[in-house]
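What follows is a set of notes on a single structure, which appears directly below.
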Amino acid sequence: MSDIAAESGEETADQISKAGGKVIFVKADVSRPEDCENLVKSAVGQYGKLNVAFNNAGIGGASVPIGEYPVEAWDKVILVNLSSVFYGMHYQIPQMLKNGGGAIVNMSSILGQVGFAGSCGYVAAKHGVVGLTKNVALKYGKMGIRANAVGPGFVETGLTHSLTEDKECYDFLVAKHPMGRLGKIDEIVDLVLWLSSDRASFCNGGYYPVDGGYLAK
C-alpha cells in the first residue's frame with residue numbers, strides 16, 4: 001500500500017498488520033511516474049509477483065466554473081486522478097503478464113458518468129479513468145488481465161469532509177441519493193475486494209456504481 005503522507009500511511013499499515021494481514025508501506029506521489037514504477041518494483045521485490053492492483057488515489061480539486069478554473073488546479077487534478085491511473089497500469093501490466101494475468105481495479109466515481117457543475121477537472125478525470133479501464137480490458141483480456149472501474153456516490157471520507165461540514169451542503173448531497181444518505185467506506189471496499197477476486201473472473205471492462213441510486217435519476 002502507498003500514500004503520499006508517510007505518517008498516516010504507516011498508521012494504516014500498522015492496523016493491517018495488527019489485524020493479521022501482510023503489508024508493506026511505500027511512500028509515493030502517484031502523480032510522478034517514477035514513484036508508480038517504484039511501487040510495482042517494491043511489491044514484486046517483497047512478494048515475488050503482482051496479481052492485483054487497486055489504483056485509488058484522488059483529490060477533489062477546485063470547485064468553480066470552468067471559465068474561472070485555475071490552470072494549475074486543472075493540471076494537478078488530472079495528474080493525481082487520471083495520469084496516476086495510466087502510470088500505475090503502465091507498470092502493473094507488464095508484471096501481471098509475467099504471471100499469466102491479474103486483476104486491476106480503478107477508482108472512478110459517479111462523476112465518471114455524469115457532470116457536476118463547478119468540478120470540471122474531477123469530472124473529466126473520472127470519465128477518463130472509465131475510458132482507460134475499458135481500453136485495458138479490450139487489449140489485455142485475452143492475456144488474462146481484467147480491468148474494472150468502481151463508481152462510488154458521495155461517501156463519508158476525508159475527501160468529502162470539507163463538503164459535509166456545512167449542513168446545507170451535506171443536506172444537498174444527501175438529497176441527491178435516493179436512499180437518503182451518503183455511502184460508507186465498507187460499502188465500497190466490499191465491491192473492490194470482489195472485483196479483485198476470482199469470484200469476478202468474467203467481469204472485465206465494467207463500470208460498477210455503488211451510489212445509493214444516484215445515477216438512477
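Each reported figure results from applying straightforward, stated rules to the coordinates on display, with no laboratory input. Remember, it's a predicted structure, so these values are computed and weren't measured experimentally. Every residue, glycine as well, gets a Cβ built from its backbone with ideal geometry; the counts of neighbours run over all protein chains shown.
Before moving on, here are some points about what is shown:
- The helix-only estimate of mean residue ellipticity at 222 nm for the chain, built from DSSP H runs of length n ≥ 4 each weighted as -39500 (n - 2.57), is -14000 deg cm²/dmol after division by the residue total.
- Computed on the Cα trace of the chain, the radius of gyration divided by the Kirkwood hydrodynamic radius gives Rg/Rh = 0.96.
- Bins of 5 Å, starting at 0 and running to the largest distance - Cα pair percent for segment 92-179: 3, 13, 18, 19, 15, 11, 9, 7, 4, 2, 0
- With N as its number of residues, segment 18-114 has a Cα radius of gyration that, divided by 2.2 N^0.38 Å, comes to 1.25.
- Derived scalar couplings between HN and Hα for segment 15-28 equal 5, 5, 4, 5, 7, x, x, 9, 8, 10, 10, 10, 5, 8 Hz in order, rounded to whole Hz, by the Karplus curve 6.51 cos²θ - 1.76 cosθ + 1.60 (θ = phi - 60°), x for Gly and Pro.
- Between segment 1-76 and segment 138-217, the C-alpha centres lie 18 angstrom from each other.
- Unsatisfied cross-links (Cα-Cα over 30 Å) in the set Lys27/Lys126; Lys41/Lys76; Lys139/Lys176; Lys126/Lys176: Lys139/Lys176
- Segment 71-143 shape via C-alpha gyration tensor axes, a/c threshold 1.5: prolate
- Choice from Gly144, Gly121, Gly102 showing the highest fluctuation, given a GNM over the chain with Cα pairs closer than 10 Å: Gly144
- Computed E for Leu138/Ala175 - FRET, C-beta separation, R0 35 angstrom, nearest 0.05: 0.40
- The amide H of Gly183, built 1.01 Å from its N in the peptide plane, has Phe154, Val155, Glu156 as neighbours under 5 Å, considering only residues 5 or more places off or on other chains.
- Cβ-derived FRET efficiency at R0 45 Å, Ala216 paired with Lys41, nearest 0.05: 0.60
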